[in-house]
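All remarks here apply to the structure that follows.
Just so it is clear, none of the values below were taken in a lab; they were calculated from the coordinates. Owing to the predicted nature of the structure, the values given are computational and were not obtained by experimental measurement. In this analysis, Cβ positions are derived from the backbone assuming ideal geometry, glycine residues included, and neighbour counts consider all displayed protein chains.
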Amino acid sequence: MSFFTWRIIGPPDRSVKCDQASLPEHFVCLATVESWEKEETLWVDARPRADWKRDGLEGSVLLNDQEDWVDLEPEFVLRILSEPKPRVVVYCNQSGCGSSKYVAEQLRARHSSNLGFEVYVLEGGIKALKGAKGFLE
């Protein structure tokens, strides 16, 4: 009979594993976003309002498919016009969530080419942000 003892050192690794080369078009790994200048990125939270208020990324804009887009869109447009950002990163609750894809597609169709910014969906969603240092601590 054998017995094993495990010793855990440090906190668990909660980061979301991501390989930029294997992602679909318009998806982005958090590590890639971290390599960009911080002031060049506008974060868009595609989750329900209650989630955004509870633990949304500071400075993010709320845009989702659960509420009236017409009510939420002006805040986004004001932010992108007053603080020109070449990149918009949309996140929701999980990897590949439909809300972030929908919001990103709408932003691309309605504003991206006219206002000159790129739109990406964050691979891993809010979990990627929670697992990274300096985002949602």
Rg and Dmax of the chain, Cα atoms, in Å? 16.9, 70
Working from Cα positions, state the angle (0 to 90°, nearest 10) between the long axis of helix 69-82 and the longest principal axis of the chain. 90 degrees
Quick check: Cα centre of the range 79-114 to Cα centre of the range 18-60, how many Å? 9 Å
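Assuming 0.36 nm per residue, please report the length gained on full extension of the stretch residue 118 to residue 31 beyond their Cα-Cα distance. If you can, show how the numbers build up before the last one.
Details: separation 87, 0.36 × 87 = 31.32 nm, distance 1.71 nm.
Separation in residues times 0.36 nm, less the Cα-Cα distance, equals 29.6 nm.
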Whichever aspartates and glutamates have a C-alpha closer than 18 Å to that of residue 127, once near sequence neighbours (fewer than 8 apart) are set aside: 13, 19, 34, 45, 51, 55, 58, 137
Taking Cα atoms, how many degrees apart are the long axis of helix 98-107 and the longest axis of the chain, rounded to 10 and kept between 0 and 90? 30 degrees
Distribution of pairwise C-alpha distances over the range 88-133, 10 Å bins, in %: 32, 45, 21, 2
May I ask for the equivalent-ellipsoid semi-axes of the range 15-86, computed as the square root of five times each C-alpha gyration tensor eigenvalue and listed largest first in whole Å? 23, 16, 12
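Output the pairs from 17/53; 53/101; 17/85 with a Cα-Cα distance over 23 Å in this structure; if there are none, say none. Before the final figure, lay out each step's value.
Working: 17/53 26 Å; 53/101 21 Å; 17/85 26 Å.
Distance filter (> 23 Å) returns 17/53; 17/85.
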Listed with the fewest Cβ neighbours within 10 Å leading, 126, 80 appear as 80, 126
